[in-house]
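Chemist: Just dropping this structure here.
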Amino acid sequence: MKIKQSFGYSCFTVFNTLFMLVLSFLMLYPMLYVVFASFSDSNAFLMHEGMLFWPVSPNLQSYIKVLENPMVWVGYKNILFILVVGTSLNMVMTILCAFVLSRRNLKGSGIMTGFIVFTMYFGGGLIPGYLNIRSLGLDNTLWALIIPGAMSAYNMIIMRTSFRGIPDSLEESATIDGASPLTILLRIIIPLSGATIAVIVLYYAVGHWNAWFNAMVYLRDRSKYPLQLVLREILIQNDTSAMMSTGQEMEVDQKSIAETIKYAVIVVSTIPILAVYPFLQKYFVKGVMIGAIKG
């Protein structure tokens, strides 16, 4: 039997739908603008006024210039190394620490957790951190972007809470059968915490992919620049000279093509990490909620 909706409820539904559509447009349009601008002709784009809802004189000129730039490929190579090695180290450190601190019979676990949580609110600062990196011989190496952030206290707490939510009876049964703590971790804890682990992996991966400040501080050799630092040079310092043809008369003005190149670089550097989200999206709510049920 169809229930008749009141006039007030119908008005609220219409208003809520319109509000959400406007809100979605406001969030989506900046991304669409970047994509449309990257596919636009450089001269036509500079002459365009108002909002952009479609590429102006569509072409691939900017993407060709970006892909011809060797620094973009150097940045990709470095960021992939940081992403794979850094995320692997992050997960090993986070899982091991969370597993140890999730043991209810561990003496002093509260004190150790307190020391780790302390680092979330207080840090040594930029200069002491740089001096520490230099004294360890990590200055101007990619390891300076990996080792200092080997574990996030926030992610470790989520993982520890998820581990504590696993029934003790499973571990007790495994212990009776002669399983070691490492076997319990690999055969029971990790398989049952797949959703949380997937979310934490994505948190770490996105953090590595978007990081640029530490690279700017610790790296001096351009051959070690990650992709985001290359992107920063292009966007902030307007360093597009490396992408321009040399020894030939350019068909378009350098200033005009520099504008569309900026948008093309943003798209090229963003698409890989966006492509991962649809595969892990289903784990977001499930993983975080599992790790947030108990404190």
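The values are calculated or read from the model by the stated rules, or taken from the named source; none is laboratory data. Keep in mind it's a predicted model, so treat the numbers as computed, not measured. FYI the Cβ positions are ideal-geometry reconstructions off the backbone, even for glycines, and counts take in every protein chain you see. What goes into the accessible areas is simple: the full protein's heavy atoms, side chains included, and nothing from ligands, DNA or RNA. Shrake-Rupley method; radii C 1.70, N 1.55, O 1.52, S 1.80 Å.
Chemist: Starting from the stretch 52-75, keep only residues that are open to solvent by 80 Å² or more (accessible area, probe 1.4 Å), then list their pairs with residues that are of a type outside the set (A, V, I, L, M) and assigned to a loop (DSSP other than H, G, I, E, B) whose Cβ atoms are within a distance under 7 Å, requiring at least 6 positions of separation or different chains.
Modeler: Cβ pairs passing all conditions: P58/F39; P58/S40.
Chemist: Taking the criterion of being touching a residue at least 24 places away in the same chain (Cβ under 8 Å), of a type in the set (V, I, T) and open to solvent by less than 70 Å² (accessible area, probe 1.4 Å), would at least one residue in the stretch 168-187 satisfy it?
Modeler: no
Chemist: On to the next question. Could you list, in sequence order, the residues of the stretch 119-153 that are open to solvent by 70 Å² or more (accessible area, probe 1.4 Å), within 14 Å of F213 (Cα to Cα), part of a helix (DSSP H, G or I) and in contact (Cβ under 8 Å) with a residue 12 or more places away in the chain?
Modeler: The answer is L126, and nothing else.
Chemist: Next question, about the same structure. Within the stretch 218-237, work out how many residues are farther than 24 Å from P58 by Cβ, surrounded by 14 or more Cβ atoms within 10 Å (Cβ to Cβ) and modelled with pLDDT under 90.
Modeler: Initially, the stretch 218-237 is screened for residues farther than 24 Å from P58 by Cβ, giving 218-230, 232-233, 236-237.
Remaining after also requiring surrounded by 14 or more Cβ atoms within 10 Å (Cβ to Cβ): 218-219, 224-230, 232-233.
Pick out the ones that are also modelled with pLDDT under 90 and you get 227-230, 232-233.
The total comes to 6.
Chemist: Go through (1) in contact with a helix residue (DSSP H, G or I) (Cβ under 9 Å, 6 or more places away or on another chain); (2) at pLDDT 90 or above; (3) open to solvent by 30 Å² or more (accessible area, probe 1.4 Å); (4) in a helix (DSSP H, G or I) for M156 and report which single condition fails.
Modeler: So M156 meets the others, but not (3).
Chemist: All but one of (1) without any contact (Cβ under 8 Å) to a residue 12 or more places away in the chain; (2) part of a helix (DSSP H, G or I); (3) not basic (K, R) hold for F45, so report the exception by its number.
Modeler: Result: F45 fails condition (1) only.
Chemist: Being closer than 28 Å to L229 by Cα and of a type in the set (A, V, I, L, M) is the filter; apply it to the stretch 188-208 and report the residue that is most open to solvent (accessible area, probe 1.4 Å).
Modeler: Residues of the stretch 188-208 closer than 28 Å to L229 by Cα: 198-208.
Remaining after also requiring of a type in the set (A, V, I, L, M): 198-202, 205-206.
Details: A198: 17, V199: 4, I200: 1, V201: 49, L202: 7, A205: 15, V206: 30 Å².
Step by step, filter the stretch 188-208, then rank; the result is V201.
Chemist: Just checking, does the stretch 248-255 include any residue being modelled with pLDDT under 90, closer than 22 Å to M91 by Cβ and part of a helix (DSSP H, G or I)?
Modeler: Within the stretch 248-255, not a single residue is modelled with pLDDT under 90, closer than 22 Å to M91 by Cβ and part of a helix (DSSP H, G or I).
Chemist: Listed residues L28, L18, L52; which is under 17 Å from Y263 (Cα atoms) and not in a loop (DSSP other than H, G, I, E, B)?
Modeler: After ruling out the rest, the residue left standing is L28.
Chemist: Something else now. Out of the stretch 1-23, which residues are under 29 Å from P55 (Cβ atoms) and either at pLDDT below 90 or open to solvent by 70 Å² or more (accessible area, probe 1.4 Å) (or both)?
Modeler: Listed by number, the residues that qualify are L18, M20, L21, V22.
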